[in-house]
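Following: one structure in structure tokens, then a few remarks.
Nothing in this text is a laboratory measurement; each read-out follows from the coordinates by a stated rule. Just so we're clear, the structure is a prediction, and the values are computed from it rather than from any experiment. Here Cβ is always computed from backbone atoms with ideal geometry, including for glycine, and neighbour counts include all displayed protein chains.
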Amino acid sequence: MKTEFSARGAVAPWLLFVISLVGVVVIASLLTDIFEKKQESRYSYIKTQEIAKGEPDPDQWKANFPREYAAYMKTLKTSELAKVSPYARYGGSESISKLEKDPRMKRLFAGYPFGIDYNEERGHMNAVQDMLNIKRLGDKKPGSCMTCKSPQVPLFIEQHGAEKFYNTPVTELVDKHGFKHSISCADCHDSETMELTIRRPAYIEAQTRRGIDIKAQDQNLKRTDACAQCHVEYYWLKETKYVTFPWDKGLSVDSIEAYYDSIGFSDWVHAETGAKMVKMQHPEYEMWSSGIHSRSGVGCADCHMPYTRDGSIKVTDHWIRSPYMNLTNACLTCHRESEDEMASRIREIQDRTWNLMDRSEVAIIAAIDAIKAAIEAGATDEELADCRNLHRKAHLRWDFVSAENSMGFHSPQEATRMLGDAIDFARQAELSATKLLAQHGKLEVAALTK
């Protein structure tokens, strides 16, 4: 019985051979696949042609970086996708008139070109054309206007200096110097090493004044620096046209206001109230700096250009767009909630911010009406100083949120604080002007005409 059992339990030699052969083939295939993936990942950048230093034409980078090039070209189509995506309800990349969408802005910016022409910006690849189409800048746009619009800017500055660039008219830059390429590869990358590089003087100068050496930043911070050199608040003095960031006292709206106050700066005098006003310019970096993502070490590229995979290769997605359009890669790598939950959080933040912005505008318009009535009642400049200053403070905070391109999402608590202060300062301005009406015996008349 023992011999019979052993015979029945034995595995045929041919079957052992087949099993062993299959095992060898599987293991060999697995090792080959691992090796190929390692090699593919190692050689994700294959240099097929030389790229000139600072080459501004993205087509010249295409052969070496086909994945990145193909993704970046999609920024030209963001407007088309925005039509079918809910993310664009408060902004996006559709070229629309903000003045038509919100007619109150005509009075909020009374006396300033933004009250005549103010459009939603499109994607990076449209930057030069959109800038040239802006009516409010007229035919005498200084080079300062093109500072962040083209990779040809750093080349010009390296050859001729920043002062020369800022004072060269845009028409001359386009017609004589051939400026035509919109924001692309050379704005962020060194063509020899592919390392991230910061090439805008104003950012380097501002961070240096703050005691920050951007050359010593790690890779994660450099991924934010590349964006922050342009997505900021800035100004230039009429005499020099030199682009400067108002960060010497800090990045908050209060610090920026204190800086402008200390140098007596204003962009224009409001046509209805006579207040000396400041126009905010897309302060995304400043807003982000006060938010939870900044404190958690999450930078611009993590959300707007998240890592993606092409086979075994991990690459940065160069289709720069709202995280709302790419929730899985942009949000769910850190957050464990569903796409629906993340989308709901974004909408809640943006809806709240928009509602507060709307209330801020109502309050600022009421202040404008009251100050205008006080002027008509005969109030002097000395008497009007307080309400004009309050108007400036209210407008600056509302505009900080309005001009910043996240509808509060980059720092929800800070956006809420600023808009709450904007409403408060606007109502204080209205009250101050109303007291002047009473002093000049016009309060009852003003009340009856409202």
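Tabulated data
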quantity: Over the chain, relative contact order from alpha-carbon pairs under 8 Å, at least 6 apart, %; calculated: 14
quantity: Relative packing of peptides 140-152, 168-180, 60-72 - highest average C-beta neighbours within 10 Å first; calculated: 140-152, 60-72, 168-180
quantity: Alpha carbon centroid spacing (whole Å) that separates segment 229-261 from segment 265-285; calculated: 12
quantity: Simple spin-label estimate for ASP351 and ASP190 in nanometres, 7 Å along Cα-Cβ; calculated: 4.8
quantity: Cys residues of the chain counted as unpaired, since no other Cys beta-carbon is under 4.7 Å; calculated: CYS145, CYS185, CYS188, CYS303, CYS331, CYS334, CYS387
quantity: Potential lengthening between LYS106 and LEU332 on full extension [0.36 nm per residue; Cα-Cα distance subtracted]; calculated: 77.3 nm
quantity: Pair-distance profile P(r), taking every C-alpha pair of the chain, with 10 angstrom steps and integer %; calculated: 4, 17, 26, 23, 12, 7, 4, 3, 2, 1, 1, 0, 0
quantity: The chain: angle of helix 412-439 to the longest principal axis, Cα-based, in degrees nearest 10; calculated: 10
quantity: Model label zone, ASN133; criterion: amide N under 17 Å from point 7 Å along Cα-to-beta-carbon; scope segment 143-180; calculated: 149-150, 180
quantity: Cα centre as origin, Lys/Arg/Asp/Glu Cβ charges: segment 194-246 dipole, Debye; calculated: 120
quantity: Stretchable slack from LYS98 to GLU158, in nm (0.36 nm times residue separation minus alpha-carbon distance); calculated: 18.0 nm
quantity: Computed label-point distance, nm, for sites PHE265 and LEU431 using a 7 Å Cα→Cβ extension; calculated: 3.1
quantity: Reciprocal mean inverse distance between Cα atoms of segment 314-450 - Kirkwood radius, Å; calculated: 17.2
quantity: Spin-label model distance (nm) - LYS176 vs GLN49, 7 Å beyond Cα toward Cβ; calculated: 3.1
quantity: Residue exposure sequence - SER255, SER296 - by fewest surrounding Cβ within 10 Å; calculated: SER296, SER255
quantity: Low-density loop positions, trypsin sites (Lys or Arg not before Pro), segment 220-249 - DSSP coil, at most 11 other Cβ in 10 Å; calculated: LYS238
